[in-house]
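**Q** I am attaching a structure below and will ask some questions about it afterwards.
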Amino acid sequence: MPELPEAETVRSQIAPHVVGATILESWAKTPHLTSPSVSEFIERTRGQKIIAAKRRGKQIYFPLENGDNLLVHLGMTGKLSIEPDSEWKPEELSRHVHGVWRLSNGKRWIFTDPRTFGELGVSRDLPFLTKMGPEPLDEDFPVEELAEKLSHKNVKIKAAILDQSLIAGLGNIYADEACFRARLHPETRASAISKDKLRELLGHMRPILEEAIRGRGATLKDGGYQDANGDYGEFKPQMYGRTGLPCFICQTPVQRGVLGASKSARSFHFCPSCQKI
Ligand SMILES: [Zn+2]
(Lines give C-alpha, C1' and ligand atoms only; values in the text may rest on other atoms or scores of the structure.)
Protein backbone atom coordinates (compact mmCIF):
# COMPACT_ATOMS: atom_id res chain seq x y z
CA MET A 1 0.00 0.00 0.00
CA PRO A 2 1.40 3.41 -0.88
CA GLU A 3 2.86 5.21 2.13
CA LEU A 4 4.65 8.55 2.42
CA PRO A 5 7.52 7.81 -0.04
CA GLU A 6 5.17 6.49 -2.72
CA ALA A 7 2.78 9.46 -2.34
CA GLU A 8 5.73 11.87 -2.45
CA THR A 9 7.14 10.17 -5.58
CA VAL A 10 3.81 10.45 -7.39
CA ARG A 11 3.31 14.05 -6.26
CA SER A 12 6.72 15.15 -7.49
CA GLN A 13 6.34 13.34 -10.82
CA ILE A 14 2.86 14.76 -11.50
CA ALA A 15 3.57 18.33 -10.33
CA PRO A 16 5.44 19.62 -13.41
CA HIS A 17 2.63 18.43 -15.70
CA VAL A 18 -0.31 19.94 -13.83
CA VAL A 19 0.76 22.97 -11.80
CA GLY A 20 -0.14 26.14 -13.70
CA ALA A 21 -2.54 24.32 -16.03
CA THR A 22 -6.29 24.84 -16.06
CA ILE A 23 -8.71 21.90 -15.91
CA LEU A 24 -10.75 22.30 -19.10
CA GLU A 25 -12.84 19.19 -18.56
CA SER A 26 -13.29 17.11 -15.44
CA TRP A 27 -14.77 13.63 -15.25
CA ALA A 28 -15.43 11.14 -12.48
CA LYS A 29 -17.82 8.22 -12.23
CA THR A 30 -17.49 6.26 -9.01
CA PRO A 31 -19.68 7.46 -6.10
CA HIS A 32 -18.01 5.46 -3.32
CA LEU A 33 -14.57 6.97 -3.92
CA THR A 34 -15.61 10.48 -4.99
CA SER A 35 -16.58 13.19 -2.52
CA PRO A 36 -18.73 15.10 -1.84
CA SER A 37 -20.45 13.58 -4.92
CA VAL A 38 -19.48 12.82 -8.51
CA SER A 39 -21.48 15.78 -9.86
CA GLU A 40 -20.17 18.26 -7.29
CA PHE A 41 -16.61 17.06 -7.80
CA ILE A 42 -16.89 17.69 -11.54
CA GLU A 43 -18.64 21.04 -11.08
CA ARG A 44 -16.10 22.43 -8.62
CA THR A 45 -12.93 21.26 -10.42
CA ARG A 46 -13.89 22.16 -13.99
CA GLY A 47 -12.45 25.46 -15.20
CA GLN A 48 -10.06 25.76 -12.25
CA LYS A 49 -6.37 26.50 -12.48
CA ILE A 50 -4.14 24.16 -10.43
CA ILE A 51 -1.82 26.30 -8.36
CA ALA A 52 0.30 23.72 -6.49
CA ALA A 53 0.86 19.99 -5.87
CA LYS A 54 1.20 19.20 -2.17
CA ARG A 55 1.32 16.25 0.16
CA ARG A 56 0.70 15.64 3.85
CA GLY A 57 1.41 12.10 5.11
CA LYS A 58 -0.04 9.78 2.47
CA GLN A 59 -2.56 12.40 1.26
CA ILE A 60 -1.87 14.23 -2.02
CA TYR A 61 -3.74 17.48 -2.71
CA PHE A 62 -3.82 20.17 -5.36
CA PRO A 63 -4.91 23.68 -4.32
CA LEU A 64 -7.10 25.28 -7.00
CA GLU A 65 -7.46 28.93 -7.92
CA ASN A 66 -10.95 29.26 -6.38
CA GLY A 67 -9.72 28.18 -2.92
CA ASP A 68 -10.89 24.57 -3.23
CA ASN A 69 -8.48 21.63 -3.22
CA LEU A 70 -8.54 18.56 -5.43
CA LEU A 71 -7.72 15.62 -3.14
CA VAL A 72 -6.23 12.28 -4.19
CA HIS A 73 -5.60 9.33 -1.90
CA LEU A 74 -3.94 6.39 -3.62
CA GLY A 75 -5.46 3.78 -1.27
CA MET A 76 -4.11 0.33 -2.15
CA THR A 77 -3.77 0.44 -5.94
CA GLY A 78 -4.49 4.02 -7.01
CA LYS A 79 -2.33 5.55 -9.69
CA LEU A 80 -2.02 9.00 -11.26
CA SER A 81 -0.63 9.31 -14.76
CA ILE A 82 -0.27 11.82 -17.58
CA GLU A 83 -1.01 11.22 -21.25
CA PRO A 84 -1.13 13.45 -24.29
CA ASP A 85 -4.71 14.62 -24.71
CA SER A 86 -6.62 12.89 -27.44
CA GLU A 87 -10.31 12.77 -28.16
CA TRP A 88 -12.30 13.51 -24.99
CA LYS A 89 -14.11 10.23 -24.42
CA PRO A 90 -13.35 9.25 -20.82
CA GLU A 91 -16.19 6.76 -20.71
CA GLU A 92 -14.34 4.67 -23.30
CA LEU A 93 -11.25 4.30 -21.13
CA SER A 94 -10.56 1.23 -18.99
CA ARG A 95 -13.17 0.47 -16.32
CA HIS A 96 -10.41 1.02 -13.74
CA VAL A 97 -10.25 4.73 -14.64
CA HIS A 98 -12.16 6.72 -12.00
CA GLY A 99 -11.08 10.28 -12.78
CA VAL A 100 -9.89 12.17 -15.87
CA TRP A 101 -8.94 15.81 -16.31
CA ARG A 102 -8.29 17.50 -19.63
CA LEU A 103 -5.71 20.21 -19.10
CA SER A 104 -5.05 23.49 -20.90
CA ASN A 105 -1.47 22.40 -21.68
CA GLY A 106 -2.59 19.63 -24.04
CA LYS A 107 -2.24 16.86 -21.48
CA ARG A 108 -4.70 14.47 -19.97
CA TRP A 109 -4.40 13.54 -16.31
CA ILE A 110 -5.84 10.20 -15.22
CA PHE A 111 -6.64 8.45 -11.93
CA THR A 112 -6.91 4.66 -12.14
CA ASP A 113 -7.63 2.34 -9.23
CA PRO A 114 -8.40 -1.35 -9.85
CA ARG A 115 -9.33 -2.12 -6.22
CA THR A 116 -11.09 1.22 -5.60
CA PHE A 117 -9.78 1.79 -2.07
CA GLY A 118 -8.44 5.17 -3.21
CA GLU A 119 -10.24 8.50 -2.92
CA LEU A 120 -10.93 11.55 -5.06
CA GLY A 121 -12.40 14.64 -3.55
CA VAL A 122 -12.86 18.36 -3.68
CA SER A 123 -12.79 20.31 -0.45
CA ARG A 124 -12.31 23.83 0.82
CA ASP A 125 -11.15 22.69 4.24
CA LEU A 126 -8.20 20.40 4.86
CA PRO A 127 -8.82 18.95 8.33
CA PHE A 128 -6.05 16.38 7.84
CA LEU A 129 -3.47 19.18 7.93
CA THR A 130 -4.06 19.68 11.63
CA LYS A 131 -5.23 16.18 12.57
CA MET A 132 -2.05 14.51 11.38
CA GLY A 133 1.07 14.35 13.47
CA PRO A 134 4.41 15.83 12.39
CA GLU A 135 6.13 14.77 9.16
CA PRO A 136 9.32 12.73 9.66
CA LEU A 137 10.83 14.53 6.64
CA ASP A 138 10.49 17.97 8.22
CA GLU A 139 13.64 19.66 9.45
CA ASP A 140 11.92 20.32 12.77
CA PHE A 141 10.52 16.79 13.29
CA PRO A 142 10.13 16.94 17.10
CA VAL A 143 12.04 13.82 18.17
CA GLU A 144 12.23 14.83 21.83
CA GLU A 145 8.51 15.63 22.11
CA LEU A 146 7.51 12.41 20.31
CA ALA A 147 9.82 10.25 22.44
CA GLU A 148 8.10 11.74 25.48
CA LYS A 149 4.62 11.03 24.05
CA LEU A 150 5.54 7.47 23.06
CA SER A 151 6.97 6.74 26.49
CA HIS A 152 3.48 7.21 27.97
CA LYS A 153 1.70 4.97 25.46
CA ASN A 154 0.74 1.55 26.71
CA VAL A 155 0.42 0.09 23.18
CA LYS A 156 2.74 -1.95 20.99
CA ILE A 157 5.37 0.21 19.36
CA LYS A 158 4.44 -0.66 15.79
CA ALA A 159 0.79 0.27 16.45
CA ALA A 160 1.94 3.51 18.07
CA ILE A 161 4.04 4.65 15.10
CA LEU A 162 1.29 3.70 12.61
CA ASP A 163 -1.02 6.19 14.36
CA GLN A 164 -1.22 9.03 11.81
CA SER A 165 -2.29 11.52 14.48
CA LEU A 166 1.07 10.94 16.20
CA ILE A 167 3.41 10.66 13.18
CA ALA A 168 2.32 11.26 9.56
CA GLY A 169 3.04 8.93 6.67
CA LEU A 170 4.32 5.62 8.04
CA GLY A 171 2.45 2.45 7.07
CA ASN A 172 3.31 -1.23 7.37
CA ILE A 173 6.44 -1.20 5.22
CA TYR A 174 8.29 1.72 6.79
CA ALA A 175 7.12 1.04 10.37
CA ASP A 176 8.61 -2.48 10.15
CA GLU A 177 11.77 -1.03 8.64
CA ALA A 178 12.16 1.56 11.41
CA CYS A 179 11.65 -1.09 14.14
CA PHE A 180 14.25 -3.33 12.51
CA ARG A 181 16.84 -0.58 12.22
CA ALA A 182 16.33 0.30 15.89
CA ARG A 183 16.44 -3.44 16.82
CA LEU A 184 13.02 -3.19 18.44
CA HIS A 185 10.49 -6.01 18.39
CA PRO A 186 7.30 -4.49 16.86
CA GLU A 187 5.23 -5.88 19.75
CA THR A 188 7.24 -4.20 22.51
CA ARG A 189 5.06 -1.87 24.58
CA ALA A 190 6.05 1.71 23.81
CA SER A 191 6.01 2.56 27.53
CA ALA A 192 8.56 -0.22 28.20
CA ILE A 193 11.15 1.26 25.80
CA SER A 194 13.85 3.61 27.05
CA LYS A 195 13.82 7.23 25.90
CA ASP A 196 17.17 6.73 24.19
CA LYS A 197 15.81 3.80 22.21
CA LEU A 198 12.69 5.78 21.27
CA ARG A 199 14.89 8.66 20.07
CA GLU A 200 16.91 6.17 18.03
CA LEU A 201 13.73 4.73 16.47
CA LEU A 202 12.43 8.21 15.58
CA GLY A 203 15.85 9.13 14.21
CA HIS A 204 15.74 6.22 11.73
CA MET A 205 12.50 7.40 10.11
CA ARG A 206 13.78 10.27 8.02
CA PRO A 207 16.77 8.41 6.46
CA ILE A 208 14.55 5.40 5.63
CA LEU A 209 11.91 7.59 3.98
CA GLU A 210 14.53 9.61 2.07
CA GLU A 211 16.15 6.41 0.83
CA ALA A 212 12.74 5.09 -0.24
CA ILE A 213 11.96 8.34 -2.10
CA ARG A 214 15.28 8.04 -3.95
CA GLY A 215 14.14 4.55 -5.03
CA ARG A 216 10.74 6.00 -6.08
CA GLY A 217 9.02 3.97 -3.36
CA ALA A 218 8.58 0.25 -2.83
CA THR A 219 6.56 -2.16 -4.95
CA LEU A 220 5.68 -5.37 -3.14
CA LYS A 221 5.02 -8.76 -4.69
CA ASP A 222 1.39 -7.83 -5.39
CA GLY A 223 2.66 -5.20 -7.84
CA GLY A 224 0.03 -2.80 -6.44
CA TYR A 225 2.12 0.35 -6.55
CA GLN A 226 3.42 1.96 -9.72
CA ASP A 227 4.76 5.47 -9.93
CA ALA A 228 3.28 8.10 -12.27
CA ASN A 229 5.40 6.77 -15.15
CA GLY A 230 4.05 3.24 -14.67
CA ASP A 231 7.37 2.02 -13.22
CA TYR A 232 7.73 -0.10 -10.10
CA GLY A 233 9.43 1.39 -7.04
CA GLU A 234 12.98 0.21 -6.50
CA PHE A 235 13.29 0.54 -2.74
CA LYS A 236 13.74 -2.93 -1.23
CA PRO A 237 12.50 -3.22 2.36
CA GLN A 238 14.74 -5.33 4.59
CA MET A 239 11.80 -6.71 6.56
CA TYR A 240 8.38 -6.21 5.02
CA GLY A 241 7.34 -9.04 2.69
CA ARG A 242 10.48 -11.10 3.38
CA THR A 243 8.94 -13.82 5.59
CA GLY A 244 11.25 -16.87 5.69
CA LEU A 245 14.13 -15.08 3.95
CA PRO A 246 17.38 -14.49 5.85
CA CYS A 247 17.83 -11.35 7.97
CA PHE A 248 20.41 -9.09 6.31
CA ILE A 249 22.35 -8.86 9.56
CA CYS A 250 22.32 -12.35 11.12
CA GLN A 251 20.77 -14.65 8.48
CA THR A 252 17.97 -15.80 10.83
CA PRO A 253 14.76 -16.26 8.80
CA VAL A 254 12.45 -13.24 8.98
CA GLN A 255 9.18 -13.97 10.78
CA ARG A 256 5.71 -12.53 10.30
CA GLY A 257 3.27 -11.80 13.07
CA VAL A 258 -0.14 -10.18 13.35
CA LEU A 259 -0.99 -7.14 15.40
CA GLY A 260 -4.51 -6.39 16.59
CA ALA A 261 -7.96 -7.91 16.18
CA SER A 262 -9.13 -9.54 12.97
CA LYS A 263 -10.76 -6.59 11.21
CA SER A 264 -8.06 -4.03 11.85
CA ALA A 265 -5.21 -6.57 12.03
CA ARG A 266 -1.88 -5.45 10.61
CA SER A 267 0.95 -7.82 9.89
CA PHE A 268 4.49 -7.17 11.04
CA HIS A 269 7.83 -8.61 10.04
CA PHE A 270 10.83 -8.97 12.30
CA CYS A 271 14.04 -10.87 12.94
CA PRO A 272 13.56 -12.98 16.11
CA SER A 273 17.25 -12.78 16.80
CA CYS A 274 17.97 -9.05 16.19
CA GLN A 275 14.61 -7.82 17.59
CA LYS A 276 13.86 -9.38 20.95
CA ILE A 277 11.12 -8.10 23.29
ZN1 LIG B 1 18.73 -10.65 12.42
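The values are calculated or read from the model by the stated rules, or taken from the named source; none is laboratory data. Remember, predicted model here, so these are calculated numbers, not experimental data. Don't worry about glycine lacking a Cβ; one is built from the backbone with ideal geometry, like all the others, and counts go over all protein chains shown.
**Q** Just give me the residues in the range 265-277 being assigned to a loop (DSSP other than H, G, I, E, B) and either surrounded by fewer than 16 Cβ atoms within 10 Å (Cβ to Cβ) or more than 15 Å from the ligand (Cβ to nearest atom) (or both), in sequence order.
**A** Within the range 265-277, Ala265, Pro272, Ser273, Lys276, Ile277 qualify.
**Q** Now for a different question. Return the residues of the range 13-62 that are free of Cβ contacts under 8 Å to residues at least 60 places away in the same chain and either among the acidic types (Asp, Glu) or assigned by TED's automatic domain parsing to the domain that holds Gly230 (or both); say none if nothing qualifies.
**A** Glu43
**Q** Take Glu177 and decide whether it is in contact with a helix residue (DSSP H, G or I) (Cβ under 6 Å, 6 or more places away or on another chain), among the acidic types (Asp, Glu) and in the same structural domain as Gln238 (by TED's automatic domain parsing).
**A** So Glu177 fits the description; yes.
**Q** Would you check which residues across the range 26-39 are in a strand (DSSP E or B) and among the hydroxyl-bearing types (Ser, Thr, Tyr) and list them?
**A** Within the range 26-39, Ser26, Thr34, Ser35 qualify.
**Q** So in the range 48-60, with the set limited to residues that are under 18 Å from Leu103 (Cα atoms) and not basic (Lys, Arg), which one is surrounded by the most Cβ atoms within 10 Å (Cβ to Cβ)?
**A** Among residues in the range 48-60 that are under 18 Å from Leu103 (Cα atoms) and not basic (Lys, Arg), the one surrounded by the most Cβ atoms within 10 Å (Cβ to Cβ) is Ile50.
**Q** From Pro90, Pro63, grab the single residue that is modelled with pLDDT under 95 and surrounded by 15 or more Cβ atoms within 10 Å (Cβ to Cβ).
**A** Pro90
**Q** What is the one condition in (1) over 17 Å from Leu150 (Cβ atoms); (2) in contact with a helix residue (DSSP H, G or I) (Cβ under 6 Å, 6 or more places away or on another chain) that Ala190 does not satisfy?
**A** Going through the list (1) over 17 Å from Leu150 (Cβ atoms); (2) in contact with a helix residue (DSSP H, G or I) (Cβ under 6 Å, 6 or more places away or on another chain), Ala190 breaks only (1).
**Q** Can you tell me how many residues within the range 113-151 are in the same structural domain as Ile193 (by TED's automatic domain parsing) and in contact with an Asp or Glu (Cβ under 6 Å, 6 or more places away or on another chain)?
**A** Count: 0.
**Q** May I ask you to say which residue of Leu220, Leu202 is out of contact with any strand residue (DSSP E or B) (no Cβ under 9 Å at 6 or more places or on another chain), buried (at least 18 other Cβ atoms within 10 Å of the Cβ) and either closer than 24 Å to Arg56 by Cβ or at pLDDT 95 or above (or both)?
**A** On inspection, the qualifying residue turns out to be Leu202.
**Q** Within the group Leu170, Leu150, Leu137, which residue is surrounded by 18 or more Cβ atoms within 10 Å (Cβ to Cβ) and under 21 Å from the mean Cα position of the chain (by Cα)?
**A** Leu170
**Q** Looking only at residues in the range 93-105 that are touching a Phe, Trp or Tyr at 6+ places or on another chain (Cβ under 7 Å) and more than 15 Å from Gly118 (Cβ to Cβ), which one is surrounded by the most Cβ atoms within 10 Å (Cβ to Cβ)?
**A** Of everything passing the filter in the range 93-105, Trp101 is surrounded by the most Cβ atoms within 10 Å (Cβ to Cβ).
**Q** Output the number of the condition that Arg199 fails; it satisfies all remaining conditions of (1) more than 16 Å from the ligand (Cβ to nearest atom); (2) touching a Cys at 6+ places or on another chain (Cβ under 8 Å).
**A** Against the list (1) more than 16 Å from the ligand (Cβ to nearest atom); (2) touching a Cys at 6+ places or on another chain (Cβ under 8 Å), Arg199 comes up short only on (2).
**Q** Still on this structure, I have one more. If Gln226 passes every condition in (1) surrounded by 13 or more Cβ atoms within 10 Å (Cβ to Cβ); (2) within 16 Å of the ligand (Cβ to nearest atom); (3) of a type in the set (S, T, N, Q) but one, which one does it miss?
**A** Evaluating Gln226 over (1) surrounded by 13 or more Cβ atoms within 10 Å (Cβ to Cβ); (2) within 16 Å of the ligand (Cβ to nearest atom); (3) of a type in the set (S, T, N, Q) leaves (2) as the failure.
**Q** Can you tell which of Ile23, Ile14, Ile42 is part of a helix (DSSP H, G or I) and more than 21 Å from the chain's Cα centre (by Cα)?
**A** Just one listed residue meets the conditions, Ile42.
**Q** Of the residues Arg214, Arg189, which is more than 16 Å from the ligand (Cβ to nearest atom), charged (D, E, K, R) and in contact with a strand residue (DSSP E or B) (Cβ under 8 Å, 6 or more places away or on another chain)?
**A** Exactly one of Arg214, Arg189 is more than 16 Å from the ligand (Cβ to nearest atom), charged (D, E, K, R) and in contact with a strand residue (DSSP E or B) (Cβ under 8 Å, 6 or more places away or on another chain), namely Arg189.
**Q** Let me ask something else about it. Scan Arg56, Arg95, Arg44, Arg102 and give me the residue that is closer than 30 Å to Glu210 by Cβ and of a type outside the set (A, V, I, L, M).
**A** When all the criteria are applied, what remains is Arg56.
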